[in-house]
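Down below is the structure, laid out as structure tokens.
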Amino acid sequence: MVDIIVNESFEDDSTELFGNLDSGSFDSSELFKLRMEADEVSSDSEISELISYGEIAKNLSYDLPYQREGALRLLRDLNATALLADEVGLGKTITAGMVIKEGVSRGWFSRVVILCPPSLVDQWVCEMSEKFDLDFAIVENESDWKKAYVVASIDRVKIFNRKTGKFRHEAAHEISWDLVIVDEAHKLKERNTVRWRFVDRLRKKRFLLLTATPFQNDLLELYNLLHILKRGHLGTMKEFRKNFLFRGNKRHPLNPVELKKKLEEVMVRRQRSETGVCYKSRIPVIVTVEMTAQEKIIYENTVQLLKSNYFRKDGSEINGALIVFAILPKVTSSSKSAIESLTKIVESEVYHAGTKEFAQGILDDYAKLEVDSKIEKLVSLVKEIRARSDDEKILIYTRHPTTLRYIVEKLQKDEGIRNKEQDVRNKEEGIKDEGEEALRIIEFMGGLDREEKSRRIDSFKRGEADILISTDTGAEGLNFQFCRNLINYDLPWNPMAVEQRIGRLDRIGQARDMYIYSFATKGTMEEHVVDLIINKMCCVGLVIGELPIILFNLGLDAEGRSGRNKIEEKLMASFIEGKGNLEFFARGVDEIAAEIAKGMEEYEREKAENACFLDGKCAVDGKPFYKSV
């Protein structure tokens, strides 16, 4: 049977073959009929159940009927060409994954591409692997498009060379895709953009758009979104203006009931109130660390080393970006990590003698250090949490393996922390109790194979340990809804990495409010960064998944020139430009906070308008924001 591309782009040849699509100079109804006939020819046999669900059920934390029902409707009723517009937090990724798995199991999908925001690429790959046993490759270069299942950062692959008139990744347009998925598809609202044209040119048999906010204050943008999804569904632009715009006002629809009906013909949307899904609150707790006089001297000398005494052997100054990206996070993570980094400087032949001498002086100060205030604060906090009840699991995050091992060592040595479960097992197994048992801690970091990861996760879930300590490389794929305490011993300057951490606890099934503890050393840059990321971004009442949308809308979730997240890059730039001056750095942090606040306000407005237009939930005097005529 010959494959039929039911959603192939007419963008390039529309003027030549049909005239101007927006001018109405052709018979749009005839074109629409052809489209519908193509849809009918290409539709697969009717399905009544997901035959693949048995395979994936064991990988899902919860059986949520609305996710299965959504996937079934998308496949059965809409031939997987639709707008999936579930509210944030309902798991659109899981529903889409069920569609992919079912299509693969039935032999319908042999080529699938997922286009998503940069910050969600790894998450998609992980979800497809962990939950659906599907290996998706990340598109890094053109040769990767040859692979059967791929995930690509839409910002990375949409690059267009105006001189040659070609897309850098034009190989994507030479493939006949069985399914194309675009996550956060509301960014396709503007038709005359490179992003819109890249997606439009993809040859696709089935096409899923995922977004919780398809309507963004402009009906013409809604038209553009549906136009790329299914040509002719709302007629030509001229017909749309005539039939659905009230006196040409792109904000107020004419015949809103009919417009909503047309939208519902290609849309699946569920609300949290319908599904019973409820997210608990994140309670931020900033754990302030007061430095001793000795520690202040060490910190000030460390900053001095990095900003004005950091030279290569030949006397040339080392690039400031290298300092903040490679060195600063390590020396601020923990005293153990700082000592390790400084020792490498002293022992390396790369550095200037003056730099090595300065670093050795700091090491000598560390050797005299009587108190490590940060680790002592952690020990105290762990005791406080464990004293709250008998069911207090703790997830601790650090950026560096050296710090992880240091935390384990300190917690296990402290006699005031006792592992009750370990004591019980010792008695059951006849092991003599010789006083306080060492605290049982599970270490979780990159490099573990899948089997070992599963073993350690299951051990934590079964209560064989009260604490799991992880690096960020081990953060993906962990689902710990049974735990409500998270400690950020050191904090990434990338808010998406922090959101990833919190997302291990803040998931469907979490039954209690969560405590998000974040360490911040007073009088340092850390104090300002923690306030920005925790108090102004990650713990401000957003539902899991909303912060990535806001940052995506602002264009702040992608990588900057350095290859780092843009917010992290902005923070690092403030440090470099201000040469470690705390007041200058604080002003840079405030500028970022203002930009984020504006983005959040815009997102909340768009969310309210979508709830009004799509769900009939209007906040203004109980009436729709649009006018019915």
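The values are calculated or read from the model by the stated rules, or taken from the named source; none is laboratory data. If you're wondering where the values come from, they're calculated on a predicted model, not measured in any experiment. Quick reminder, even Gly has a Cβ in these numbers, built from the backbone with ideal geometry, and neighbours come from all protein chains shown.
For this structure, a couple of remarks:
- Looking across region 445-484 at every residue that is acidic (Asp, Glu) and touching a residue at least 60 places away in the same chain (Cβ under 8 Å), the one that is nearest to residue 506 (Cα to Cα) is identified as 476.
- Taken together, the residues in region 62-93 that are within 17 Å of residue 274 (Cβ to Cβ), in a loop (DSSP other than H, G, I, E, B) and in contact with an Asp or Glu (Cβ under 7 Å, 6 or more places away or on another chain) amount to 1.
- Selected residue (criterion: surrounded by the fewest Cβ atoms within 10 Å (Cβ to Cβ)) from residues of region 200-240 that are in contact with an Asp or Glu (Cβ under 8 Å, 6 or more places away or on another chain) and of a type in the set (A, V, I, L, M, F, W, C): 237
- Members of region 333-358 found to be surrounded by 16 or more Cβ atoms within 10 Å (Cβ to Cβ) and touching a strand residue (DSSP E or B) at 6+ places or on another chain (Cβ under 8 Å), listed by number: 333, 334, 345, 351, 352, 355
- The residues of region 264-276 that are buried (at least 16 other Cβ atoms within 10 Å of the Cβ) and in contact with a Lys or Arg (Cβ under 9 Å, 6 or more places away or on another chain), listed by number, are 266, 268.
- Candidates in region 553-600 are the residues that are modelled with pLDDT of 90 or more and aromatic (Phe, Trp, Tyr); of these, the one that is farthest from residue 492 (Cα to Cα) is 584.
- Within region 131-159, residues that are surrounded by 20 or more Cβ atoms within 10 Å (Cβ to Cβ) have Cβ atoms under 6 Å from residues that are among the hydroxyl-bearing types (Ser, Thr, Tyr) in these pairs: 136/149, counting only partners at least 6 apart in sequence or on another chain.
- Extreme residue, nearest to residue 85 (Cα to Cα), among residues of region 258-297 that are among the hydroxyl-bearing types (Ser, Thr, Tyr) and touching a residue at least 60 places away in the same chain (Cβ under 8 Å): 275
One line per residue, one yes/no per condition, for (1) of a type in the set (A, V, I, L, M); (2) within 22 Å of the chain's Cα centre (by Cα); (3) under 21 Å from residue 544 (Cβ atoms):
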| site | (1), (2), (3) |
| --- | --- |
| 128 | yes, yes, yes |
| 134 | yes, yes, no |
| 140 | no, yes, no |
| 144 | no, no, no |
| 148 | yes, no, no |
| 162 | no, no, no |
| 173 | no, no, no |
| 184 | no, yes, yes |
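- Unique residue being outside the structural domain of residue 207 (by TED's automatic domain parsing) and either surrounded by fewer than 20 Cβ atoms within 10 Å (Cβ to Cβ) or touching a residue at least 60 places away in the same chain (Cβ under 8 Å) (or both) when the list is 255, 301, 243: 301
- Of all residues in region 559-576 being free of Cβ contacts under 8 Å to residues at least 12 places away in the same chain and part of a loop (DSSP other than H, G, I, E, B), the one that is nearest to residue 155 (Cα to Cα): 560
- Test: residue in region 379-401 that is modelled with pLDDT of 90 or more and farther than 30 Å from residue 465 by Cβ: no
- Out of 187, 205, sole residue that is under 18 Å from residue 101 (Cα atoms), touching a residue at least 60 places away in the same chain (Cβ under 8 Å) and assigned by TED's automatic domain parsing to the domain that holds residue 70: 205
- Hits in region 94-122 - residues which are modelled with pLDDT of 95 or more and of a type in the set (S, T, N, Q): 95, 105, 110
- In region 190-202, the residues that are basic (Lys, Arg) and in contact (Cβ under 8 Å) with a residue 60 or more places away in the chain: 197, 201
- Reported count of residues in region 497-519, each being modelled with pLDDT under 95 and out of contact with any Lys or Arg (no Cβ under 8 Å at 6 or more places or on another chain), is 10.
- Test: residue 468 is within 20 Å of the chain's Cα centre (by Cα) and surrounded by 24 or more Cβ atoms within 10 Å (Cβ to Cβ): no
- Yes/no for residue 292 being among the β-branched types (Val, Ile, Thr), at pLDDT 90 or above, more than 34 Å from the chain's Cα centre (by Cα) and surrounded by fewer than 19 Cβ atoms within 10 Å (Cβ to Cβ): yes
- Residue match in region 283-305 (condition: touching a Pro at 6+ places or on another chain (Cβ under 9 Å) and either more than 30 Å from residue 339 (Cα to Cα) or among the acidic types (Asp, Glu) (or both)): no
- The one condition from (1) buried (at least 18 other Cβ atoms within 10 Å of the Cβ); (2) closer than 19 Å to residue 586 by Cβ that residue 522 does not meet is (1).
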